[in-house]
Amino acid sequence: MINLGIIGTNWITEQFVNATDETKAFSLTHVYSRTEVKADKFIEDLQKKNIAISTDLEKFFSSDDFETVYIASPNGLHFQQAKMALEHGKNVIVEKPSTSTVREFTILDDLAHEKGLFLFEAARHIHEPIFKKIQNYVEDNYDELSGATFSYMKYSSRYDDFKAGNLPNIFNPKFSGGALYDLGVYTVYDAVVLFGQPDSVKYVAEILSSGIDGSGSLTLKYPKFDVNILIGKTKNSYTDSEIYFDKKTLLMDSGGDITHVQLADDNKNITTIPTVKSENPMDSETKEFARIMTENDQETYENLLKYARIVNRILEQARTSAGLVFGADEDK
């Protein structure tokens, strides 16, 4: 079992640790938090014992009780923390988006290869069996493929706080927040894994007073079709996501957290495609990351890195087209 250190004590970190317990892929040994109180509470909630705590990143990364770190801090902190981890010889699993700029991703990519370490962007949904079913259907019917629409809009629990005059991280350009770099990452991964790299990217965004995007529409142009993406954190949408194959349409209940898939013909006959959905959506990625590291599966690893490179490039192209500027853009 691979020993694991974590950065972040939020709900997504708890979900990841629970997934590692369920799959027996990793063993949590060390927690970094800005305060010992938060770390203690996090460990207590997980019902863990004998877990080391650090409130200093240098001491955390210098520890020899873990070889892989999972990073789930605000987006704008990912790069520096991942870079520091790699410099200390740690494998990295970093929540998407792994970086704020292509330049940052390239630095991490090069550093991981230089040191012979693994760098994973935690796009958990592309590892789930339900997404694999979609991927297989697209591959088998690619000749009929004529486009797609992906929708992922969820009213953020932090938006009311923003409207009250505060500036939570998710709506702060300093921390690389906004709809595109949160929910939008899922839908861009959908397009890249299923269809490859687009020819062009255009993002039209609803810009909030903080200078960040609350929602928007993204168009990815491919040689023979377009992919249209709707994303938002300031409203809810209940529209299905769809992939078009001439007269047939593949229906998904979401562009991110996919729970069921159906196939419709031109007579509106709908067939459910059977699949398996784990209660914890991170189970599949934890098993896959551990397998790749244990077996040193370089082919699969490099393929995942290829996806991550393309996704990060699309995100930067998209926000540039919409005039969105992050704090990381100033650190060139």
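The rows are residues; the columns are (1) more than 22 Å from the chain's Cα centre (by Cα); (2) free of Cβ contacts under 8 Å to residues at least 12 places away in the same chain; (3) farther than 16 Å from Met282 by Cβ.
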residue: Thr20; (1), (2), (3): no, no, no
residue: Tyr32; (1), (2), (3): no, no, yes
residue: Ala52; (1), (2), (3): yes, no, yes
residue: Thr101; (1), (2), (3): no, no, yes
Quick one: how many residues across segment 7-16 are more than 19 Å from Ile292 (Cβ to Cβ) and in contact (Cβ under 8 Å) with a residue 40 or more places away in the chain?
-> 6
What number of residues within segment 114-151 satisfy the criterion of being under 24 Å from Lys287 (Cβ atoms), in a helix (DSSP H, G or I) and open to solvent by 30 Å² or more (accessible area, probe 1.4 Å)?
-> 6
Turns out the helices (runs of 4 or more DSSP H) fully within segment 11-87 with at least 3 residues that are open to solvent by less than 30 Å² (accessible area, probe 1.4 Å) are 11-23, 36-45, 78-87
Among the numbered conditions (1) under 23 Å from the mean Cα position of the chain (by Cα); (2) without any contact (Cβ under 8 Å) to a residue 24 or more places away in the chain, tell me where Asp40 comes up short.
-> (1)
Could you list, in sequence order, all residues of segment 47-69 that are at pLDDT below 95 and not charged (D, E, K, R)?
-> Gln47, Asn50
Inside segment 117-157, the number of residues satisfying the requirement of being closer than 25 Å to Gln81 by Cβ and without any contact (Cβ under 8 Å) to a residue 60 or more places away in the chain is 2
Over segment 160-170, the set of residues surrounded by fewer than 19 Cβ atoms within 10 Å (Cβ to Cβ) and either touching a strand residue (DSSP E or B) at 6+ places or on another chain (Cβ under 9 Å) or of a type in the set (S, T, N, Q) (or both) is Asn166, Asn169
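The values are calculated or read from the model by the stated rules, or taken from the named source; none is laboratory data. If you're wondering where the values come from, they're calculated on a predicted model, not measured in any experiment. With ideal geometry, Cβ positions are generated from the backbone for all residues, glycine too; neighbour counts draw on all protein chains shown. Quick note on the areas: whole protein, heavy atoms, side chains included, nothing else; ligands and nucleic acids left out. Shrake-Rupley method; radii C 1.70, N 1.55, O 1.52, S 1.80 Å.
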